[in-house]
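Notes follow the structure.
The values are calculated or read from the model by the stated rules, or taken from the named source; none is laboratory data. Keep in mind that this is a model prediction, so the values were computed, not measured. Virtual Cβ from ideal backbone geometry, glycine too; neighbours counted across all protein chains shown. Areas reflect the complete protein model, heavy atoms only, side chains present, ligands, DNA and RNA absent. Shrake-Rupley method; radii C 1.70, N 1.55, O 1.52, S 1.80 Å.
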Amino acid sequence: MGPKPSITIHVENGPSEYYLALLCSPRGITGTNSDLKLENVNEVTVQNYLKDFFYDEWVFSESPVGDNIISSRDTTEFYFGYMVPDDFKVIIISTDGTVYLSDHINPEEFNADITYDVATGKLTETIEDRTLRHSIYVVVCYLLTLAMELVVLLLFKYPFNKRNLFCFLLINTITNIPFSIFLINQRASIPMILIWLFLEIIIMLLEGVFYLITLRDAEGRRRKLKSFLYGVVANIVSATLGAIILFFYGLIFH
């Protein structure tokens, strides 16, 4: 569920008609290099050629969804979505049988926009300046975190005095803003989800211990267990909200 990475290829200086696909380089793959020439080019021979293709540890990248081999007769823009390789090459098979291989690239953008100059073999990524969008995301996450955790603070019946509010703002500024900046600059992946969960737990424990030391009730007393539980509950609420915000941010802006 949620937004998926994609790759869009724009071809320059290519042959008049051709088939285009992506290559990936899985670890531990060995074989004999394929000839960079194909006789009797058509959809069937191209599919068979690519399924058996191997060249310097690069093989055909095949997604379970969408077109994996695209003809230039169908489009001038080549789009690959859902499951795309992080590091890839582009292969072009001309109707005269000539095979062209690009250099490799590991794109920075979640939805990568790549230009392939066949004459030089170079892949160039168009990088969009997302500073403003990312800044808005960080600010929105920060403000919503403060709002949600203040509601939880009220439910725990802690007074909104200067001491409690100062400590509340201090720890959330220290933890929330760097965490949001880190998340927004990462590509979606299973390892990133695990890192996100790990960091959320660390922040939850850190804030719980901080509140245990700093928060005071209406009588000015330190309630250790209650303060620690507040830190845990408040972070669970804000983490859930943050995940929802990140999902919709990616859906709209990526």
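Just a few scattered comments:
- Selected residue (criterion: farthest from GLY81 (Cα to Cα)) from residues of region 109-145 that are at pLDDT 90 or above, among the charged types (D, E, K, R) and surrounded by 14 or more Cβ atoms within 10 Å (Cβ to Cβ): ASP117
- Filter result (among the charged types (D, E, K, R), surrounded by fewer than 11 Cβ atoms within 10 Å (Cβ to Cβ) and modelled with pLDDT of 90 or more) within region 14-33: none
- Every residue from region 196-248 that is acidic (Asp, Glu), open to solvent by less than 50 Å² (accessible area, probe 1.4 Å) and modelled with pLDDT of 90 or more: GLU207, ASP217
- Looking across VAL99, VAL11, VAL65, one residue alone is open to solvent by 60 Å² or more (accessible area, probe 1.4 Å) and of a type in the set (Val, Ile, Thr). It is VAL65.
- Any hit, region 73-80, residues being aromatic (Phe, Trp, Tyr), open to solvent by 20 Å² or more (accessible area, probe 1.4 Å), part of a strand (DSSP E or B) and at pLDDT 90 or above: yes
- Subset of region 38-65 (residues that are under 12 Å from ILE91 (Cα atoms) and either among the charged types (D, E, K, R) or assigned to a helix (DSSP H, G or I) (or both)): VAL46, TYR49, LEU50
- Residue in region 74-85 that is within 29 Å of ILE193 (Cα to Cα), within 30 Å of the chain's Cα centre (by Cα) and among the polar types (S, T, N, Q) present: no
- Scanning region 108-131 for residues that are of a type outside the set (D, E, K, R), in contact (Cβ under 8 Å) with a residue 24 or more places away in the chain and part of a strand (DSSP E or B) yields a total of 6.
- Number of positions in region 216-227 that are under 16 Å from LEU165 (Cα atoms) and part of a helix (DSSP H, G or I): 1
- Test: residue in region 179-188 that is closer than 15 Å to VAL233 by Cβ and either of a type outside the set (S, T, N, Q) or open to solvent by less than 70 Å² (accessible area, probe 1.4 Å) (or both): no
- Among the residues examined, ASP86 does not qualify as more than 30 Å from ILE184 (Cβ to Cβ), in contact with a strand residue (DSSP E or B) (Cβ under 9 Å, 6 or more places away or on another chain) and either open to solvent by 20 Å² or more (accessible area, probe 1.4 Å) or part of a helix (DSSP H, G or I) (or both).
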